[in-house]
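Peer 1: Here it is, the structure, as structure tokens.
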Amino acid sequence: MAALMNPKWNGQFSCFDLVAKTDERHRSVVQVRDIEIGGSDFVVMAGPCAVESETQLLQTAEAVAAAGARVLRGGAYKPRSSPYAFQGLGVEGLKILRKAREETGLAIITEVMSEEDVDVIAEYADIMQVGTRSMENYALLEALGKCERPVLLKRGMTATLEELLRSAQIIAMAGNSQIILCERGIRTFETATRNTLDIAAVPVLKAVSHLPVIVDPSHAAGVRSLVPVLSRAAAVVGADGLLVEVHPAPEKAMSDGDQSLDFAEFRRMMTDLQPYIELQQESRQLRPQLLVAGGTD
Ligand code: PEP
Ligand code: MN
């Protein structure tokens, strides 16, 4: 039997017993409708930063579905850095997301910022997104423990991996073990990118936790030109999927336009990604240790 994890991390993470990898629990799959996240498929979630209108969302849904995405993203409740920025359409946005699911069959992921909104968002969403600013909102995490929906937990922009797993443990202790971890870039001294994508976080998390791990290259990069190459990097290091911002006209987007891909760019990115996904799938079957730090799986 291979060692559970690199000895460097023994103890540091194993205290989070519901989310830590063990001999018995090696890898968990989060089921979202007919989609398995953390299984053999590489699952791409794509869509606009914010739901702006029915036309914008339905057009995007069709384009990302045709390019191979399985999940549609779109914020209806937006955490904005400025109080003057667009705050999202709220329930109207959720209704538009539901319509897009009916028309395309895509599953829906959308952000929840407050425990008060959990019930209404759970009526519409297939996956509840916890944003970077909310990773340590314990009231929210506990409420999500009681909702019967998978949760995508983004890493706080100044959070260590230990703190990320602590938040995951809180959700699991409150009753919900359907958790997907998301690396979305952290704050460092670097200013050329919006955040610094901590690519090593993926194999570390895969070594110490059984939960699926996905990468959000858009918020890490802050510029669209970096999104395809960071997505390929995510596939190579063994991520289970991506969360990518796509907009019909990024220059007109109400939020995060600089980092959003247009439809043609997203299509090209998905095509160029394919060999890297195949490489990951072959590695998983033949030499799984290539995809986790410490050579264990
Ligand atoms: C988003 O996904 O649009 C978002 C606000 O992301 P983050 O919480 O990572 O900043
Ligand atoms: Mn965004």
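The values are calculated or read from the model by the stated rules, or taken from the named source; none is laboratory data. Small disclaimer: the values here were computed from a predicted structure and weren't measured. Here the Cβ is made from the backbone with ideal geometry for all residues, glycine too, and neighbour counts use every protein chain on show. Only protein heavy atoms, including side chains, enter the accessible area calculation; ligands, DNA and RNA are left aside. Shrake-Rupley method; radii C 1.70, N 1.55, O 1.52, S 1.80 Å.
Peer 1: Tell me, what HN-Hα J-couplings in whole Hz come from the Karplus equation 6.51 cos²θ - 1.76 cosθ + 1.60 at θ = phi - 60° for each residue of region 195-210, using x for Gly and Pro?
Peer 2: Coupling constants for region 195-210: 9, 9, 5, 8, 5, 5, 4, 5, x, 5, 4, 5, 7, 9, 10, 8 Hz.
Peer 1: Using θ = phi - 60° and the Karplus relation 6.51 cos²θ - 1.76 cosθ + 1.60, list the HN-Hα couplings for region 95-103 in order, rounded to whole Hz, with x at every Gly or Pro.
Peer 2: Running phi through 6.51 cos²θ - 1.76 cosθ + 1.60 with θ = phi - 60° gives 5, 5, 4, 4, 4, 5, 5, 4, 7 Hz.
Peer 1: In addition: Can you compute the helix-only [θ] at 222 nm over the chain? Use -39500 (n - 2.57) per DSSP H run of at least 4 residues, normalise by all residues, nearest 500 deg cm²/dmol. Mind showing how you got there, number by number?
Peer 2: On the way: 9 runs with 102 residues, N = 297.
It comes out at -10500 deg cm²/dmol, rounded to the nearest 500.
Peer 1: I've got another one for you. Do any trypsin sites (Lys or Arg not before Pro) in region 182-239 lie in a loop, going by DSSP, with at most 14 other beta-carbon atoms within 10 Å of their beta carbon, and if so which?
Peer 2: Passing sites in region 182-239 are Arg187.
Peer 1: Then there's this: Go through Tyr138, Tyr84 and list them by solvent-accessible area, largest first, probe radius 1.4 Å. Can you show the working numbers first?
Peer 2: Numbers: Tyr138 85, Tyr84 205 Å².
The most accessible residue leads, giving Tyr84, Tyr138.
Peer 1: For Thr104, what accessible surface area do you get with a 1.4 Å probe? Give it in Å², rounded to 10.
Peer 2: The accessible area comes out at roughly 40 Å².
Peer 1: Probe of 1.4 angstrom, ligands and nucleic acids ignored: what's the accessible area per residue over region 1-74, in square angstrom? The partial results should precede the final answer.
Peer 2: On the way: 3300 Å² over 74 residues.
Here the per-residue accessible area is 45 Å².
Peer 1: Further question on the same structure: Which of rounded, prolate, oblate describes the chain, given a ≥ b ≥ c as roots of the alpha-carbon gyration tensor eigenvalues and a/c under 1.5 marking rounded, otherwise prolate only if a/b is larger than b/c? The partial results should precede the final answer.
Peer 2: Working: a/c = 1.56, a/b = 1.30, b/c = 1.21.
Prolate, because a/c is 1.5 or more and a/b exceeds b/c.
Peer 1: Then there's this: Straight-line reach from Lys78: which aspartates and glutamates have Cα under 12 Å away, leaving out those fewer than 8 places along the same chain?
Peer 2: Glu52, Glu111, Asp256
Peer 1: Taking a ≥ b ≥ c as the square roots of the Cα gyration tensor eigenvalues, with a/c under 1.5 meaning rounded and otherwise prolate when a/b beats b/c, else oblate, which class fits region 141-297? Mind dumping the intermediate values first?
Peer 2: Details: a/c = 1.66, a/b = 1.20, b/c = 1.39.
Oblate shape, in that a/c is at least 1.5 and b/c is the bigger or equal ratio.
Peer 1: Using only alpha carbon pairs under 8 Å that are at least six residues apart, calculate the relative contact order of the chain and give it in whole percent.
Peer 2: On the way: 652 pairs, mean separation 61.3, N = 297.
Relative contact order, the chain: 21 percent.
Peer 1: Please list, by residue number, every one of the trypsin sites (Lys or Arg not before Pro) in region 46-139 that is coil in DSSP and has at most 15 other beta-carbon atoms within 10 Å.
Peer 2: Working: sites: Arg70, Arg73, Arg80, Lys95, Arg98, Lys99, Arg101, Arg133; in loops: Arg70, Arg80.
Hits after loop and neighbour filter: Arg80.
Peer 1: With θ set to phi - 60° and the Karplus curve 6.51 cos²θ - 1.76 cosθ + 1.60, what are the ³J(HN,Hα) couplings of region 60-76 in order, to the nearest whole Hz, using x for Gly and Pro?
Peer 2: Those phi angles translate into 5, 4, 5, 5, 6, 5, 5, 8, x, 5, 10, 10, 9, 9, x, x, 9 Hz.
Peer 1: What dipole magnitude, in Debye to the nearest 20, does the chain give about its Cα centre under +1 on Lys/Arg Cβ and -1 on Asp/Glu Cβ?
Peer 2: Details: 30 positive and 39 negative charges, 100 e Å.
Computed charge dipole of the chain: roughly 480 debye.
Peer 1: Using modelled backbone amide H atoms (1.01 Å from N, in-plane), which distant-in-sequence or interchain residues come within less than 5 Å of Glu52's amide H?
Peer 2: Leu57
Peer 1: Of the chain, which part is the longest with no GluC sites (Glu not before Pro) in a loop (DSSP not H, G, I, E, B) and with at most 14 other C-beta atoms within 10 angstrom? Don't jump to the answer; show the numbers that get you there.
Peer 2: Working: sites that count: Glu24, Glu148, Glu190.
Segment 25-147 is the longest.
Peer 1: Please list, ordered by chain and number, the residues whose modelled amide H lies under 5 Å from the amide H of Ile214; skip anything fewer than 5 residues away on the same chain.
Peer 2: Leu181, Cys182, Glu183, Asp240
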